[in-house]
Amino acid sequence: MRVVDSHLHLWDPAALDYTWLDGPLDATFSDIEIDEDALTGVDEEVAIFVQADPVEDQQLAEMRWVDSIALQSGVVAAVAGARLDRGAETERHLDALAVHERVVGVRHLLQGEADGLAQSAAFIAGARALASRGWTFDACVRASQLSDVTALAAAVPELPVVLDHLGKPALGTAQAPLRPSAEWSRDIADLARHPQVFCKLSGLPAETGGEWTDAQVAPFFDAALEAFGPQRLMWGSDWPVSAVAGDFVPGSRQRWLQTVADWAASRGVDADGLFWENALAFYGIR
């Protein structure tokens, strides 16, 4: 089995400043730690690093740090941090990121922003600048912001967009699971009508507090499969964020891989596409 982890975070609070880290996440998760929590039963594994939200003026330093540990960590490409709503400053920042050959895309973390930012003229201008470089955009949003991503996709159809974590739907808990809401299902279907938009099967363990059942997450996978089709889905671990349930839980990444693999097999979804080819195609890695 070949695996591209399309959503791997790495960080080191001794090297960079992260204001959001708390509890067991306030620790180093770098090349040594990911090696110790490596997947098993996998013939080949590579990873896409996704920016871990250090303080804004360290976004370029984050890429320098990732480059320094990329070979040891299996990182073949990176989604860098950038604000897309800063006009000429955005352009200069994207130019500076282009020095790093591993950069294939950008994430402006939207989940903490006001609803509607991605529809603003300034953001759309930044998205067009991103598309002009042949890069991608990772959309990490709350469920209430899915319509913003749909509007962005309509405004900039030349920009490849991937939805992180299925838009963070409400899942309930393992003991009291929730079904997909009508609103989330509608918004996912609307977003998927834009052919340049993909979706990551990632992040749901964090939304359940780190404890989940396969039956709990399967209806959300089914909705994504119906909306996007098998060619626009990819697997991501969201490690280590999704490996924390009160404390860091080694092996959660492996279990999430198995959860998605078992679901895919039960639905007749091609595993090589889901775990390898789709991510490489989206990010332009060959």
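The values are calculated or read from the model by the stated rules, or taken from the named source; none is laboratory data. As the structure is a computational prediction, the values presented were derived from the model and not from experiment. Here Cβ is always computed from backbone atoms with ideal geometry, including for glycine, and neighbour counts include all displayed protein chains. The area values use the complete protein model at the heavy-atom level, side chains included, leaving out ligands, DNA and RNA. Shrake-Rupley method; radii C 1.70, N 1.55, O 1.52, S 1.80 Å.
Details
Residue-by-condition table, conditions (1) among the aliphatic types (A, V, I, L, M); (2) touching a strand residue (DSSP E or B) at 6+ places or on another chain (Cβ under 8 Å); (3) in a loop (DSSP other than H, G, I, E, B); (4) under 23 Å from G81 (Cα atoms):
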site	(1), (2), (3), (4)
V4	yes, yes, no, yes
A15	yes, no, yes, yes
L21	yes, yes, yes, yes
D35	no, no, no, no
L39	yes, yes, yes, no
V42	yes, yes, yes, no
I48	yes, yes, no, yes
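- Residue count for the range 26-38, restricted to those that are aliphatic (A, V, I, L, M) and open to solvent by less than 20 Å² (accessible area, probe 1.4 Å): 1
- Checking each residue in the range 1-23 for being touching a helix residue (DSSP H, G or I) at 6+ places or on another chain (Cβ under 9 Å), open to solvent by 30 Å² or more (accessible area, probe 1.4 Å) and of a type outside the set (D, E) picks out M1, R2, A15.
- Any hit, the range 180-195, residues being in contact (Cβ under 8 Å) with a residue 12 or more places away in the chain, out of contact with any helix residue (DSSP H, G or I) (no Cβ under 6 Å at 6 or more places or on another chain), part of a helix (DSSP H, G or I) and open to solvent by less than 30 Å² (accessible area, probe 1.4 Å): no
- Residue in the range 132-152 that is farthest from L191 (Cα to Cα), counting only those that are open to solvent by 10 Å² or more (accessible area, probe 1.4 Å) and within 16 Å of the chain's Cα centre (by Cα): W135
- Only one of the numbered conditions (1) open to solvent by 10 Å² or more (accessible area, probe 1.4 Å); (2) in contact with a Ser or Thr (Cβ under 6 Å, 6 or more places away or on another chain) is not met by D115, and that is (2).
- D53 vs. criteria at pLDDT 95 or above and open to solvent by 10 Å² or more (accessible area, probe 1.4 Å): yes
- Among the criteria (1) hydrophobic (A, V, I, L, M, F, W, C); (2) open to solvent by 10 Å² or more (accessible area, probe 1.4 Å); (3) touching a helix residue (DSSP H, G or I) at 6+ places or on another chain (Cβ under 8 Å), the one L71 does not fulfil is (3).
- If the condition is being assigned to a helix (DSSP H, G or I) and open to solvent by less than 10 Å² (accessible area, probe 1.4 Å), then the range 200-227 contributes L204, P205, Q216, V217, F220, F221, A224.
- Filtered residues of the range 92-112 (kept if of a type outside the set (A, V, I, L, M, F, W, C), loosely packed, with under 14 Cβ neighbours inside 10 Å and more than 20 Å from the chain's Cα centre (by Cα)): R92, D95
- Test for W276: is it open to solvent by 10 Å² or more (accessible area, probe 1.4 Å) and in contact (Cβ under 8 Å) with a residue 40 or more places away in the chain: yes
- Entry remark, the range 205-256: residues being within 14 Å of the chain's Cα centre (by Cα), free of Cβ contacts under 8 Å to residues at least 60 places away in the same chain and within 13 Å of V269 (Cα to Cα) number 2 in total.
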